[in-house]
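Undergrad: First the structure, then my questions, so here it is.
Rule-based calculations on the coordinates, nothing more; no lab input. In this text, all values refer to a predicted model and were calculated from it rather than measured experimentally. Don't worry about glycine lacking a Cβ; one is built from the backbone with ideal geometry, like all the others, and counts go over all protein chains shown.
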Amino acid sequence: MDRKILLIYTGGTIGMKQDPETLLLKPFNFSQILEEVPELRKFDFHIDTLSFDPVIDSSDARPEFWVELAGIIRDHYEDYFGFVVLHGTDTMAYSASALSFMLENLEKPVIFTGSQLPIGMLRTDGKENLIDSLELAAACDAQGHPYVSEVCIYFETELFRGNRTTKYSAETFSAFRSANYPVLAEVGIHVKYDTTALYRPRKWGKPLKIHTKLDTRVAVLKIFPGITEAFVRAVLSAEGLRAVVLETYGSGNSLSDPWFLDALSGFTARGGIVVNITQCQAGAVDMGAYANGDILRQAGVCCGRDMTTESAVTKLFVLLGQYSDNKEVSKKLEISISGEISEK
Ligand code: ASP
């Protein structure tokens, strides 16, 4: 009964209403969301709410927004058992990944959720997502520890590790997928937790530490057949660029044109970081599998294994913010910080 959950509303479809004149979806007042879900009063724990002002379409999410969100969690960390963050789906995977790296020593649930249809609509998926997320955030074991002690996304009966997710559908209610890591909990008649997949702190009671210095001098370069030398060189010569997330084919293979390898080696020789991430939804980069992967290794490219692009980008923001030496960042990049990379 002494469990308290903080529900943080940042925006997104879940809290939008159709403007009768323009027919566009626009955010509406947070207090109205609670009116739409009177079921929230039935929980045997207390829910406090806090709204961003202004609320945003998550397409407008940016690092300053993550810093504000991390600050709210830090400021309220001791007072709450867990946190549920209502957020638009478009960049939810980025925000959940970013927070997973920014909140060091997290031992409490931070569950992102939202919906594909606004909460006021008859067929909305928002009510179920909200109610289930609150229940998951308040779930505790016999010792009183939370079942969930990491940053997650909950959508359409499934709880995912946040930094393993990607928005998969702009249509179905199952908007997210985690292709390289198991679902942490399945909500049906019973809630089935995968205790082997859920993160458990080895020792409880470490103080939360937040990282709020983010360096965004990162580019994402997706290769495709026919990519031009001028384009690649233009990206790699962007002023101040410190790191590139290189989206490659299959298990980490790229074109083998000498100009491409020359451009990459030139960037890494100048101290730039290139991390290899596959364009595939599932599976991992293995630069030792094919000659077209090995050439990247020789060009000084780091292995991103099975990290998502969302994780690679936000992990770089946090590591670049922490270390001014790119060599230090490269070392940390290939090691899992918050369960974003599978063990070999
Ligand atoms: N554009 C919306 C957002 O990401 C879409 C959604 O909420 O699903 O904020």
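Undergrad: For region 203-232, list residues with backbone N below 17 Å from a point placed 7 Å from the Cα of Asp257 toward its Cβ?
TA: Label zone hits: 221-232.
Undergrad: Using a Förster distance of 45 Å, how high is the FRET efficiency between Glu343 and Asp44, based on the Cβ-Cβ distance and rounded to 0.05?
TA: 0.70
Undergrad: With θ set to phi - 60° and the Karplus curve 6.51 cos²θ - 1.76 cosθ + 1.60, what are the ³J(HN,Hα) couplings of region 141-151 in order, to the nearest whole Hz, using x for Gly and Pro?
TA: 8, 4, 7, x, 7, x, 5, 9, 10, 7, 8
Undergrad: Calculate, in whole percent, how much of the Cα-Cα pair population of region 95-223 lies beyond 22 Å.
TA: Here the tail beyond 22 Å accounts for 41 percent of pairs.
Undergrad: Taking amide H positions as placed in the peptide plane 1.01 Å from N, state which residues far from Cys303 in sequence (5 or more) or on other chains have amide H under 5 Å from it.
TA: Answer set, sorted by chain and number: Asn276.
Undergrad: Pick from Met287, Met121, Met92: which residue has the top mean-square fluctuation in a GNM of the chain where Cα pairs under 10 Å get a spring?
TA: Of Met287, Met121, Met92, the Gaussian network model singles out Met121 as fluctuating most.
Undergrad: Treating only the Cβ atoms of Lys and Arg (+1) and Asp and Glu (-1) as charged, compute the dipole magnitude of region 110-172 about its Cα centre; round to the nearest 20 debye.
TA: About 180 debye.
Undergrad: What is the magnitude of the charge dipole of the chain about its Cα centre, with +1 placed on the Cβ of each Lys and Arg, -1 on the Cβ of each Asp and Glu, and no other charges, expressed in debye to the nearest 20?
TA: The dipole of the chain has a size of about 920 debye.
Undergrad: Take the cross-link list Lys167/Lys331; Lys203/Lys315; Lys315/Lys344; Lys206/Lys327; Lys17/Lys209 and give me the ones stretching past 31 Å between alpha-carbons.
TA: Lys17/Lys209
Undergrad: What would the Debye formula give as log10 I(q)/I(0) at q = 0.16, 0.19, 0.20 Å⁻¹ for the alpha-carbon point model of region 166-279, no solvent?
TA: -0.95, -1.06, -1.10
Undergrad: Still on this structure, I have one more. Counting each pair of different Cα atoms once, what's the Kirkwood radius of the chain in Å, rounded to one decimal?
TA: It is 21.0 Å.
Undergrad: Nearest 10 degrees is fine. How inclined is helix 309-322 to the longest principal axis of the chain, computing both from alpha carbons?
TA: Roughly 80 degrees between the two axes.
Undergrad: If you take the charge dipole of region 156-253 about its Cα centre, with +1 on Lys and Arg Cβ and -1 on Asp and Glu Cβ, which of Gly226, His190, Thr212 is farthest toward its positive end?
TA: Selected residue: Thr212.
Undergrad: Additional query: Return the Rg/Rh value of region 1-74, two decimal places, where both radii are evaluated on C-alpha atoms and Rh is the Kirkwood radius.
TA: 1.02
Undergrad: Among 9-17, 258-266, how do they line up from the highest to the lowest mean number of other beta-carbon atoms within 10 Å?
TA: Put in order of decreasing packing, that is 9-17, 258-266.
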